[in-house]
Amino acid sequence: MPDLTPEQQLRYEAAAFRRLLAHLDEHKDVQNIDLMNLAGFCRNCLAKWYRAAAEADGVALDYETARERVYGMPYETWKAQYQR
């Protein structure tokens, strides 16, 4: 593996995260329980990790805002439209 600068690593990790969110958005039929059972994490976990990263950087980010970032809409809207 090539040596990456910290900036490159950060850019590639951010791009992978954005692609993961886009992939999950394209596959709304995949339920959180499916993700949890198969992968050990779900969209809510991603939101919690996102929030924790912000807080580690000194930014107060509430859970609902983090969830909206992950779900691409308010969680209650997503839940009403897509959760089985």
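ASP29: assigned to a loop (DSSP other than H, G, I, E, B), loosely packed, with under 14 Cβ neighbours inside 10 Å and of a type in the set (Asp, Glu), yes or no?
On the way: assigned to a loop (DSSP other than H, G, I, E, B): yes; loosely packed, with under 14 Cβ neighbours inside 10 Å: yes; of a type in the set (Asp, Glu): yes.
Answer is yes for this residue.
Any chance segment 40-52 includes a residue that's touching a Phe, Trp or Tyr at 6+ places or on another chain (Cβ under 8 Å) and assigned to a loop (DSSP other than H, G, I, E, B)?
No, there is no match, as no residue in segment 40-52 is touching a Phe, Trp or Tyr at 6+ places or on another chain (Cβ under 8 Å) and assigned to a loop (DSSP other than H, G, I, E, B).
Here are some conditions: (1) touching a Lys or Arg at 6+ places or on another chain (Cβ under 6 Å); (2) of a type in the set (A, V, I, L, M); (3) assigned to a helix (DSSP H, G or I). LEU61 meets all but one. Which one does it not meet?
Looking at each condition in turn, LEU61 falls short on (3).
Which pairs do you get when a residue that is more than 19 Å from ALA22 (Cβ to Cβ), found in segment 50-68, comes within reach of a residue that is at pLDDT 95 or above and not in a helix (DSSP H, G or I), reach meaning Cβ atoms under 6 angstrom, with the pair 6+ apart or on two chains?
What qualifies is ARG51/LEU61; ALA54/LEU61.
Take segment 1-30 and flag every residue that is of a type outside the set (A, V, I, L, M, F, W, C) and touching a helix residue (DSSP H, G or I) at 6+ places or on another chain (Cβ under 7 Å). Can you show your working first?
Initial filter on segment 1-30 (of a type outside the set (A, V, I, L, M, F, W, C)): 2-3, 5-9, 11-13, 18-19, 23, 25-29.
Hit for segment 1-30 is LYS28, nothing else.
Mind checking whether some residue in segment 73-83 is in a helix (DSSP H, G or I), touching a helix residue (DSSP H, G or I) at 6+ places or on another chain (Cβ under 6 Å) and either at pLDDT 95 or above or surrounded by 14 or more Cβ atoms within 10 Å (Cβ to Cβ) (or both)? Walk me through how you get there before you give the answer.
The first filter runs over segment 73-83 and keeps only residues in a helix (DSSP H, G or I), leaving 75-82.
Restricting the remaining residues to those that are touching a helix residue (DSSP H, G or I) at 6+ places or on another chain (Cβ under 6 Å) gives 75, 78.
Cutting the leftovers down to either at pLDDT 95 or above or surrounded by 14 or more Cβ atoms within 10 Å (Cβ to Cβ) (or both) gives us 75, 78.
Checking segment 73-83: at least one residue is in a helix (DSSP H, G or I), touching a helix residue (DSSP H, G or I) at 6+ places or on another chain (Cβ under 6 Å) and either at pLDDT 95 or above or surrounded by 14 or more Cβ atoms within 10 Å (Cβ to Cβ) (or both).
Checking TYR12 against (1) touching a Leu at 6+ places or on another chain (Cβ under 9 Å); (2) closer than 27 Å to TYR82 by Cα: exactly one of these is not met. Which one?
All conditions are met except number (2).
The values are calculated or read from the model by the stated rules, or taken from the named source; none is laboratory data. Quick caveat, the model's predicted, so the values are computed rather than measured. No Cβ is skipped: glycine too gets one built from the backbone with ideal geometry, and neighbour counts run over all protein chains shown.
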